[in-house]
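Sharing a structure here in structure tokens format.
The values are calculated or read from the model by the stated rules, or taken from the named source; none is laboratory data. Keep in mind the model is a prediction, meaning the values are calculated, not measured. Neighbour counts are summed over all protein chains in view; Cβ atoms, including those assigned to glycine, are modelled from backbone coordinates with ideal geometry. Accessible surface is based on the protein model in full, side chains and every heavy atom, while ligands, DNA and RNA are left aside. Shrake-Rupley method; radii C 1.70, N 1.55, O 1.52, S 1.80 Å.
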Amino acid sequence: MPVDIPFRREFSFEYGRLEPVAPGVRRIVARNPSPFTFRGTGTYVIGGGEVAVIDPGPDLAEHIGALLAGLAGERVTHILITHTHRDHSPAAAQLKAATGAVTYGYGPHAGGQRGEPGVEEGGDWDFVPDVTLGDGDRVAGRGWSFEAVHTPGHTSNHLCFALPDSGILFSGDHVMGWSTSVISPPDGDMAAYMASLDKLLGRRDALYWPTHGPAITEPQTHVRALIAHRRERESGILDCLSAGVWKIDAIVERLYVGLQPGLRRAAGRSVHAHLIDLVGRGIVASDGPPALDTRYRRAHS
Ligand SMILES: [Zn+2]
């Protein structure tokens, strides 16, 4: 039986409008829809009067202008970054210039090289946080207090932000309701991603707000389904290898039925991430380092 992920894609919003989504939480969606961003980047504003902004978003003048207009008469004191993909962090520079807010994040973009053709929106190599946050660090402002939860996997520098008082977790791209996350090596790491899913299962957060798409109201059920989905994908890959299908393109062809052509590359990256993980665990062997075009086979135990 294939794993059934309880996807959520009903999403009501209006581009360019800062709208309340929960007590003390507002959101504005950037007009950068794509197969990787769903309807666009959701920028969250926490608090009132003196506020924190999570993931100001892409470098889109219309979006930054609408965010600032929506915050007229208020002061942005903190800018929190879940990770350094180009649909999340670039607008931090302009928002900081306009408001004097301090930026917070795990650290600059890591893994791969500047200019490398990536999947998704690619890395933002220019963002450097004013203040670096590690797992468990707290950031507090007027009327709110965040806990940073380091959740590497989608990127090595991914943070979720928890508001322990309200049970909300801003889950970034680590856990989304509308889609699974892209895990693209070298910065994307499947073993780290699975550990970061397990980490969320050990927490008590009641509601997730991802950067893209609607809230996840049954987070534990959703995270368990994501874990089961990856284990299912992993066993599909092992079946392919047993059947002599070892080229990543051919594995994608077999396992991703009905895939949109624009997502083939991302699917290949995810299969590659699984293979690196399986080699690391000694379940799969490779001829040489586990690259995209390496020959893979089942390891004999
Ligand atoms: Zn991302």
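Quick check on region 54-204: take the gyration tensor over C-alpha atoms, sort the square-rooted eigenvalues as a ≥ b ≥ c, and tell me if it's rounded (a/c under 1.5), prolate or oblate.
It is oblate, given that a/c is not under 1.5 and a/b is not larger than b/c.
Using a probe of 1.4 angstrom, how much of the accessible area of the chain is carbon and sulfur, in percent?
That fraction is 51 percent.
Projecting each Cα onto the charge dipole of region 1-148 (Lys/Arg +1, Asp/Glu -1 at the beta carbon, about the Cα centre), which of Leu133, His63, Gly48 comes out farthest on the positive side?
Gly48
So what is the calculated 222 nm ellipticity per residue for the chain, using -39500 (n - 2.57) for each DSSP H run with n of 4 or more, over all residues, to the nearest 500 deg cm²/dmol?
Using -39500 (n - 2.57) per qualifying helix, the result is -8500 deg cm²/dmol.
Helix 190-201 versus the longest principal axis of the chain: what angle, 0 to 90°, nearest 10, using Cα atoms?
50 degrees
What is the gain in length, in nm to one decimal, between Glu218 and Asp293 on full extension, counting 0.36 nm per residue of separation less the C-alpha to C-alpha distance?
Value of the extension gain: 23.1 nm.
Could you give the spread of the C-alpha atoms of region 91-162 along their three principal axes, from largest to smallest, in whole angstroms?
41, 29, 17
Using θ = phi - 60° and the Karplus curve 6.51 cos²θ - 1.76 cosθ + 1.60, what whole-Hz ³J(HN,Hα) does each residue of region 12-28 get, with Gly and Pro shown as x?
Result, rounded to whole Hz: 9, 6, 10, 4, x, 10, 7, 10, x, 10, 6, x, x, 10, 10, 9, 10.
Further question on the same structure: Tabulate in residue order the Karplus-calculated ³J(HN,Hα) for region 52-69, using 6.51 cos²θ - 1.76 cosθ + 1.60 with θ = phi - 60°, rounded to whole Hz; enter x for Gly and Pro.
Going residue by residue, I get 9, 10, 9, 6, x, x, x, 7, 10, 4, 4, 5, 5, x, 5, 4, 5, 5 Hz, with x marking Gly and Pro.
Further question: Where does the chain land on Rg(C-alpha)/(2.2 N^0.38 Å)?
1.01
Here's a follow-up. So if I place +1 on the C-beta of Lys and Arg and -1 on the C-beta of Asp and Glu, and nothing else carries charge, what would the dipole magnitude of region 1-141 be about its Cα centre? I want it in debye, nearest 20.
For region 1-141, the charge dipole is close to 280 debye.
How far is helix 219-242 tilted, in degrees, relative to the longest principal axis of the Cα atoms in the chain, given as a value from 0 to 90 rounded to the nearest 10?
Around 30 degrees separate the two axes.
Testing the spin-label approximation: label points 7 Å from Cα along Cα→Cβ at Ala110 and Glu10. State their distance in nm.
4.1 nm
In whole Hz, with x marking every Gly and Pro, tabulate ³J(HN,Hα) for region 153-166 from phi via Karplus 6.51 cos²θ - 1.76 cosθ + 1.60, θ = phi - 60°.
x, 4, 9, 6, 9, 6, 10, 9, 10, 9, 10, x, 5, 9
Right, next: Suppose accessible area is computed on protein heavy atoms with a 1.4 Å probe; arrange Glu232, Glu14, Glu147 from highest to lowest.
Glu14, Glu232, Glu147
Additional query: Using a 1.4 angstrom probe with every protein chain in place, what is the largest-first accessible-area order of Thr82, Thr180?
Sorted by accessible area, descending: Thr180, Thr82.
Could you tell me which trypsin sites (Lys or Arg not before Pro) in region 270-299 are loop residues by DSSP with no more than 16 other beta carbons within 10 angstrom of their beta carbon?
Counting only loop positions with at most 16 other Cβ atoms within 10 Å, the trypsin sites (Lys or Arg not before Pro) in region 270-299 are Arg281, Arg295.
If I model a spin label at Ala140 and Leu201 as a point 7 Å from the Cα along the Cα→Cβ vector, what separation in nanometres do I get?
Computed distance between label sites Ala140 and Leu201 equals 3.3 nm.
What are the residues whose amide H is under 5 Å from the amide H of Gly141, where those residues sit 5 or more places off or on another chain and H is modelled from the backbone?
Phe146
If you count only protein heavy atoms with a 1.4 Å probe, what accessible area per residue comes out for region 63-107, rounded to a whole Å²?
Solvent-accessible surface per residue comes out at 33 Å².
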